[in-house]
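Enquirer: Could you have a look at this structure, given as structure tokens, before my questions?
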Amino acid sequence: MHYQTESWGSYMATSSYGDSLERIERMASENAVVIFSISSCCMCHAIKRLFCGMGVNPTVYELDEDPRGGKDLEKALMRILGTSNAVPVVFIGGKLVGTMDRVMASHINGSLVPLLKEAGALWL
């Protein structure tokens, strides 16, 4: 499975919810497909496999590997989603798609591939 895991070196630690939201927005808009993940999460692994199996090379941010603000980002994602589970969270073309259930529903109903093509992540 090939995907790019981004280094946390260029991202500053956050101190407030607003800073975390700005950071998430910036990170999500830098690549066609961005997944916020936790390295030990089985659902995160499944989502990464789905995209890689489709020929998409997502950028993955493992929140548990962020030494300076992963927990803050996780809390901000939970607030954005209104859920107690923050991962996996997928952004395509800088826009929030959602968690596992929304991504899988999009895949099943056929709307995921057009989103990926529009974002430039898939060329089929």
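Where a number appears in this text, it was derived from the coordinates with a stated rule and is not lab data. Model, not experiment: these values are computed from the prediction. All Cβ positions, glycine included, derive from the backbone under ideal geometry; neighbour counts span all protein chains shown.
Enquirer: Considering the alpha-carbon set of the chain alone, what are its Rg and its Dmax in angstrom?
Expert: In Å, with Rg to one decimal and Dmax whole: 13.5, 42.
Enquirer: Report the equivalent ellipsoid semi-axes for the stretch 51-99 in whole Å, largest first, defined as the square roots of five times the eigenvalues of the gyration tensor built from alpha carbon atoms.
Expert: Taking √(5λ) for each Cα gyration eigenvalue gives 20, 14, 9 Å.
Enquirer: For the chain, can you list the cysteines whose C-beta has no other cysteine C-beta under 4.7 Å from it?
Expert: Cys42, Cys52
Enquirer: Oh, and also: Which Cα, out of Gly110, Ile24, Cys44, lies furthest along the positive dipole direction of the stretch 4-119 (beta carbon charges, K/R +1, D/E -1)?
Expert: Gly110
Enquirer: Pull up the DSSP beta bridges for the chain and report the antiparallel fraction as a percent, rounded to 5. Show your work: numbers first, answer last.
Expert: Numbers: 7 of 13 bridges.
In the chain, approximately 55 percent of DSSP beta bridges are antiparallel ones.
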